[in-house]
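All remarks here apply to the structure that follows.
Taken together, the values in this text are just the output of simple stated rules run on the coordinates, not laboratory data. Computed from a predicted model, the values in this text were never measured in an experiment. Positions of Cβ are backbone-derived with ideal geometry, glycine not excepted, and every protein chain shown enters the neighbour counts.
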Amino acid sequence: MERTADSKTSLRIAIQKSGRLTDKTIELLKGIGLRFDDYKRNLMVKCRNFDVELLLIRDDDIPEYVQDGVCDLGFVGANVRAETGADVRVLRGLDYGVCRLSLAARKDGAIQTLEDFEGKTIATSYPNLTQQFLDKHNIGANLVTISGAVEIAPRLEVADAICDLVSTGNTLKANGLQELEVILESETQLIQTNKELSPGKKKLIEKFLIRMDSHQQAERSRYIMMNAPKSSVPEIKEIIPSLNSPTVMPLADEEMVAVHTVIPIDQFWVVMERLKKEGATGIVILPIESMIL
Ligand code: ATP
Ligand code: ZN
């Protein structure tokens with residue numbers, strides 16, 4: 001039987017099978033319109049409406065799968081990508097899975113500054129990144145590589161300090177540790193293989209990125225509608241950090257107009273307060289599904 005165009009060009013994307021990045025990544029893929037059957041039970045899932053198949057694996061394996069071209073794209077933490085040193089291209093940084101890799105030690109212990117790490121033992125799941133950091137700062141320390149529950153190593157006297165991922169810092173605190181030095185700021189990244197891709201796959205990646213960028217842009221924006229005195233329109237135009245000129249429509253009351261536009265979500269409250277001062281009423285904010293600039 002002849003192979004369909006699909007099977008020759010399907011984009012293969014690696015995502016974490018089960019962990020902190022899984023739900024957010026699936027949510028993002030669904031958000032850009034991709035539909036999948038039960039992804040929780042299978043290692044490989046075909047997308048129903050886009051030439052994509054997902055490979056669900058441990059996050060540690062993602063950079064190498066992408067490097068070797070087994071997968072064309074992958075969603076993985078910058079921490080894991082950097083630790084593996086995989087030769088891949090970073091296409092996008094995404095605003096989830098945000099954390100940092102930090103050196104930490106007992107709160108009131110002997111290690112209080114970077115220099116104090118000299119000659120000490122550090123437990124970590126990130127031996128490469130930790131070693132690179134220590135070398136850069138000319139510090140000689142012994143590394144103990146452990147794969148999980150690194151934060152209890154000092155209490156078990158397996159190590160004097162740790163180098164581990166931190167997001168809120170609560171886990172460190174609960175274990176009597178203090179964060180001393182951030183060695184890497186991390187977020188989820190979309191990575192691409194450096195292997196040569198067919199023109200079909202390149203096209204698919206282009207389409208995939210357009211969808212992703214529109215989705216990200218939409219997530220960061222809101223559609224805003226309000227009524228305002230006609231005389232305030234020049235001031236309102238000044239206040240609104242609009243992408244385009246706002247839509248201004250007449251109302252039954254000739255002194256009033258309706259103003260519709262899109263604003264960045266991070267400026268929402270500042271903009272809102274200033275609009276009210278200009279006499280805007282009936283302000284309605286709506287989420288946006290997608291946005292093509
Ligand atoms: P796997 O079974 O896939 O190897 P894992 O246990 O190594 O899973 P998770 O704990 O699910 O990985 O974390 C996945 C990623 O989530 C991390 O590599 C990191 O990029 C990100 N992350 C964000 N915040 C944290 C945090 N506080 N602790 C650990 N990882 C975090
Ligand atoms: Zn892992």
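Remarks
- Search result, residues across region 48-61 that are surrounded by fewer than 19 Cβ atoms within 10 Å (Cβ to Cβ) and away from ligand 2 (no atom under 15 Å from the Cβ): ARG48, ASN49, GLU53
- Residue satisfying all of: in region 253-274; within 22 Å of GLN217 (Cβ to Cβ) and without any contact (Cβ under 8 Å) to a residue 24 or more places away in the chain; farthest from the chain's Cα centre (by Cα) among these: MET272
- Selection status of MET256, out of contact with any Gly (no Cβ under 7 Å at 6 or more places or on another chain) and surrounded by 15 or more Cβ atoms within 10 Å (Cβ to Cβ): yes
- If the condition is being more than 11 Å from ligand 2 (Cβ to nearest atom) and either surrounded by fewer than 24 Cβ atoms within 10 Å (Cβ to Cβ) or assigned to a helix (DSSP H, G or I) (or both), then region 64-84 contributes GLU64, TYR65, VAL66, GLN67, ASP68, GLY69, VAL70, ALA78, ARG81, ALA82.
- Within the option set SER167, SER147, being within 12 Å of ligand 1 (Cβ to nearest atom), hydroxyl-bearing (Ser, Thr, Tyr) and touching a Lys or Arg at 6+ places or on another chain (Cβ under 9 Å) holds for one residue only, SER167.
- Yes/no for ALA110 being out of contact with any Pro (no Cβ under 8 Å at 6 or more places or on another chain), surrounded by fewer than 16 Cβ atoms within 10 Å (Cβ to Cβ) and over 26 Å from ILE288 (Cβ atoms): yes
- Checklist (1) surrounded by fewer than 17 Cβ atoms within 10 Å (Cβ to Cβ); (2) assigned to a helix (DSSP H, G or I) applied to ASP95, failing item: (2)
- Residue identified as among the small types (Gly, Ala, Ser) and closer than 21 Å to LEU21 by Cα among ALA149, ALA161, ALA110: ALA149
- Among the conditions (1) over 27 Å from PRO63 (Cβ atoms); (2) touching a residue at least 40 places away in the same chain (Cβ under 8 Å), LYS277 misses just one, which is (2).
- The number of residues in region 131-154 being within 16 Å of ligand 2 (Cβ to nearest atom) and not hydrophobic (A, V, I, L, M, F, W, C) comes to 4.
- Helices (runs of 4 or more DSSP H) contained in region 139-252 and holding at least 3 residues in contact (Cβ under 8 Å) with a residue 40 or more places away in the chain, surrounded by 15 or more Cβ atoms within 10 Å (Cβ to Cβ) and at negative phi: 199-219
- Any hit, region 103-125, residues being within 16 Å of ligand 1 (Cβ to nearest atom) and in contact with a Gly (Cβ under 8 Å, 6 or more places away or on another chain): yes
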